[in-house]
Amino acid sequence: FGKTGKVSSLVMISVEETGAGFETALHKAFIQINDLAGEAGSGLINIRAGQWQIGLPFLSPSEGAISNQYLAETVLGIFALDQKAIEVNGFVEGDAESFAPSQRYSAGVSREDMFGDDKLSGLYAHYAVTFKDVYSLGGIWRSGKDKNGATDSSYNKYGVAAQVEAGNVIITGGYFLSDSNSGVTYKDSLIEALYKPGKAVWLGGRYESV
């Protein structure tokens, strides 16, 4: 994204017909200023503002072959499908022949679901590397406040994940932790295996434990 042009933008809206009429949802809507550093089209440092999903490049809320949501999103809240934020992000392209990895990174502030007025108080960052377009490793961190009963509680959330994509087989594993000053701690272990026997067919399974 943002390989050409100084400014890029994207809007993604879904429309669903229900018994009561039509429902619309805004999933992505952001503007990005590209190439604040480095050569044009390199994507080394960019700045983005708006709404999008937060996850890892190879492990995100809406891009998996298995449609069930990850517990890292629904229970721990580390991933987010529709997150309002402002971030600095970037990409360094690797070299498959020399084993130099491709790198993706971001750091930003996010709008929190809280009672207080300072809603743009969340912090997050992620870093991921991919070797030879086969082996991926990444980490994600989030900190902020969210609603806990009638008050706001502070949280820190962490996650690490790895993926191997060898031919028609993809194996993914991850470990995630959510800790808050409310005294509640969640730990999530993930293992997922996918096999693609044809162009439009996926076979696979996922195990998660919280």
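The values are calculated or read from the model by the stated rules, or taken from the named source; none is laboratory data. The structure displayed is predicted, hence computed values, not measured ones. Cβ placement follows ideal geometry from the backbone for every residue including glycine, while neighbour counts extend to all protein chains displayed. Heavy atoms of the whole protein, side chains included, go into the accessibility calculation; ligands, DNA and RNA do not. Shrake-Rupley method; radii C 1.70, N 1.55, O 1.52, S 1.80 Å.
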Within region 186-210, of all residues that are open to solvent by 70 Å² or more (accessible area, probe 1.4 Å) and within 30 Å of Gly122 (Cβ to Cβ), the one modelled with the lowest pLDDT is Val210
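Filter region 138-157 down to the residues that are outside any strand (DSSP E or B) and aliphatic (A, V, I, L, M) and list them by number.
Residues of region 138-157 that are outside any strand (DSSP E or B), as a first pass: 149-150.
Ala150 - this is the single residue of region 138-157 that is outside any strand (DSSP E or B) and aliphatic (A, V, I, L, M).
Among the residues of region 95-106, write down those that are charged (D, E, K, R) and either in a loop (DSSP other than H, G, I, E, B) or surrounded by 17 or more Cβ atoms within 10 Å (Cβ to Cβ) (or both). Explain how you work it out, then say what you get.
Pass one, region 95-106, residues charged (D, E, K, R): 95, 97, 104.
Scanning region 95-106 gives Glu97, Arg104.
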| task | Can you confirm whether region 143-156 contains a residue that is at pLDDT 90 or above, surrounded by 19 or more Cβ atoms within 10 Å (Cβ to Cβ) and touching a Pro at 6+ places or on another chain (Cβ under 9 Å)? | result | no
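Given Val160, Val129, Val109, which one is part of a strand (DSSP E or B), of a type outside the set (Asp, Glu), under 13 Å from Phe58 (Cβ atoms) and open to solvent by less than 60 Å² (accessible area, probe 1.4 Å)?
On the way: Val160 fails: open to solvent by less than 60 Å² (accessible area, probe 1.4 Å); Val109 fails: under 13 Å from Phe58 (Cβ atoms).
Being part of a strand (DSSP E or B), of a type outside the set (Asp, Glu), under 13 Å from Phe58 (Cβ atoms) and open to solvent by less than 60 Å² (accessible area, probe 1.4 Å) holds for just one of Val160, Val129, Val109, which is Val129.
Is one or more of the residues making up region 113-121 modelled with pLDDT of 95 or more and either in contact with a Leu (Cβ under 7 Å, 6 or more places away or on another chain) or aromatic (Phe, Trp, Tyr) (or both)?
For region 113-121, residues modelled with pLDDT of 95 or more and either in contact with a Leu (Cβ under 7 Å, 6 or more places away or on another chain) or aromatic (Phe, Trp, Tyr) (or both): absent.
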Only one of Ala193, Ala125 is of a type outside the set (Asp, Glu) and either without any contact (Cβ under 8 Å) to a residue 24 or more places away in the chain or under 21 Å from Pro101 (Cβ atoms) (or both), namely Ala125
